[in-house]
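Structure first, commentary second.
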Amino acid sequence: MKQIKIAFFDTKEYDRNSFDKTNQSHSFKIKYFETKLTPDSALLTEGYDVVCAFVNDTISSEVIDILVEKGVKMIAMRCAGYNNVDLSYAFGKIHIVRVPAYSPYAVAEHALALIMALNRKTHKAYNRTRDNNFNINGLVGFDLHGKTAGIIGAGKIGRIMIDLLKGLGMKVLAYDSWKDEKYAADKGFEYADLDRIYKEADILSLHCPLTKESQYMVNKESIELMKDNVMIINTSRGHLINTGALIEGLKTGKVGYAGLDVYEEESEYFFEDFSTSMVMDDTLARLLTFNNVLVTSHQAFLTREALENISMTTMESIDSFFTNDKLENEICYQCTTERPCLKDKTGKCF
Ligand code: NAI
C-alpha cells in the first residue's frame, strides 16, 4: 500500500512531539506547517491524502473546493469542536473526522482552575508576594460550598464539571437541549431552563457547542437576568458570549468575575506570542485591563493525556479509512443534526 501523506496545519511543538511519537506505530509521511489553513495555504496540499486541522483553521467552502481539487480525501480535525467547518458544503465531497473526546477531564479541570483562581484571587496574590507584598486586603473570596452553579451543556465535559462542583458541595442546575433525567437524579443535579439558571447561578459555566442557537447566548439581556456579581466561565467557544455585553457587565459590576479560555476573535491572537508587539484588538485589550478577568489562550485541553489521545485517535481514524475503508469518528452534516452523533464507529456517512 502506498504511504499515506498528511499535511498538518497550525502546528506547535507540542503537536509535533505527540504526533511524531504516535506515528512510530503508523509510518505516515507527515509535513507540519506552522501556518493556519486558509484559502492561500490550502494550495500547499497538492499530493497529500489527508489534511489535519485545528480549532482556528478555516475550513470554508473555498478551502474545501481547493482541497478536493488537490486530491485530499479526508480532513482530520485534531479537536472535538467543528464550528469552523462548513459541514453542509463538505457533505459528499470530502470526509471529515474529529476526536470526539480526548480528555473531558482536562477541560473541566481547567474551568475549575479558573473558578478557584478568580474566587480566591490567586493571580493577584502571586503578583503581590513576588513583590514582597504580603498584604491580604482585597483578596476576600467566598465559599463555593452551598453556592449554585449553572452548567450550560451537560455533555462529556459538562458532566465532569458537575461532578467536580458537586464534590465541592455546590448546588448544580444544568441546561441541555437533550436531558437525561435519570442521570441527573443519580448525580444529584437538576435540569432547569435558561432563565432560571441565569437568575439563580452564582457561577455560570459554558460547556455547549457553538451553534446557531447557542451563539451569543450570553448577551445584554441574559446578563441583565443574572445575579449581581455573577462569575462567568467560558471554556467552550468564544462566540457563545457577546464580548461587548460582557465588558459592559464588568464595568457596571453586574459581572463580578470572568474566566475565559476562548474569545470570539481569538484566531488572530491565541496560540501566538505578541509579547514584543502589540494587541491591536481593542476589545481583547479592554478585557485584559480588568483584574477580575482571567484570560487563558485556549489551553483547557492542554494536558499530556489529552495530547496523547488526540494523536492516537486521529491517526487511528486515518489508518482505519485507508486500510479498511472504514470511517471512525466521522462528522457530517446529516448525523450532526441528531444527538448523539450515531456515526461514531458505525461506518461511512456517504
Ligand atoms: P458533548 O457533545 O459531549 O456535549 C455538549 C452538550 O451540549 C451536549 O449534551 C448537547 O446536547 C449540548 N448542547 C448542544 N447544543 C446546546 C445548546 N444550544 N444549549 C445547551 N446545550 C446544548 O461535547 P463536549 O466534549 O462536552 O464539549 C463541549 C464543548 O467544549 C465543545 O463543543 C467545544 O466547543 C468545547 N471544547 C473546548 C476545549 C478547550 O480546550 N477549551 C477542548 C474541547 C472542547
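The values are calculated or read from the model by the stated rules, or taken from the named source; none is laboratory data. Computed from a predicted model, the values in this text were never measured in an experiment. Positions of Cβ are generated from backbone atoms using ideal geometry, with glycine treated the same way; all protein chains shown enter the neighbour counts. Each accessible area value is taken on the protein alone, full model and side chains, heavy atoms only, with ligands, DNA and RNA left out. Shrake-Rupley method; radii C 1.70, N 1.55, O 1.52, S 1.80 Å.
Answer with yes or no whether LEU246 is more than 16 Å from the ligand (Cβ to nearest atom), at pLDDT 95 or above and surrounded by 21 or more Cβ atoms within 10 Å (Cβ to Cβ).
yes
Among the listed residues ASP193, ASP176, ASP163, ASP180, which satisfies the condition of being within 14 Å of the ligand (Cβ to nearest atom), of a type outside the set (A, V, I, L, M) and open to solvent by less than 40 Å² (accessible area, probe 1.4 Å)?
ASP176 is the lone residue from the list that is within 14 Å of the ligand (Cβ to nearest atom), of a type outside the set (A, V, I, L, M) and open to solvent by less than 40 Å² (accessible area, probe 1.4 Å).
Do you know which of the residues in the stretch 139-160 that are closer than 19 Å to TYR105 by Cα and charged (D, E, K, R) is surrounded by the fewest Cβ atoms within 10 Å (Cβ to Cβ)?
Looking at residues that are closer than 19 Å to TYR105 by Cα and charged (D, E, K, R), I get LYS156.
From SER103, SER60, which residue is away from the ligand (no atom under 15 Å from the Cβ) and either open to solvent by 30 Å² or more (accessible area, probe 1.4 Å) or hydroxyl-bearing (Ser, Thr, Tyr) (or both)?
Of SER103, SER60, the one residue that is away from the ligand (no atom under 15 Å from the Cβ) and either open to solvent by 30 Å² or more (accessible area, probe 1.4 Å) or hydroxyl-bearing (Ser, Thr, Tyr) (or both) is SER60.
When only residues in the stretch 201-232 that are among the acidic types (Asp, Glu) and surrounded by fewer than 16 Cβ atoms within 10 Å (Cβ to Cβ) count, which is nearest to the ligand (Cβ to nearest atom)?
Going through the qualifying residues, I end up with GLU213.
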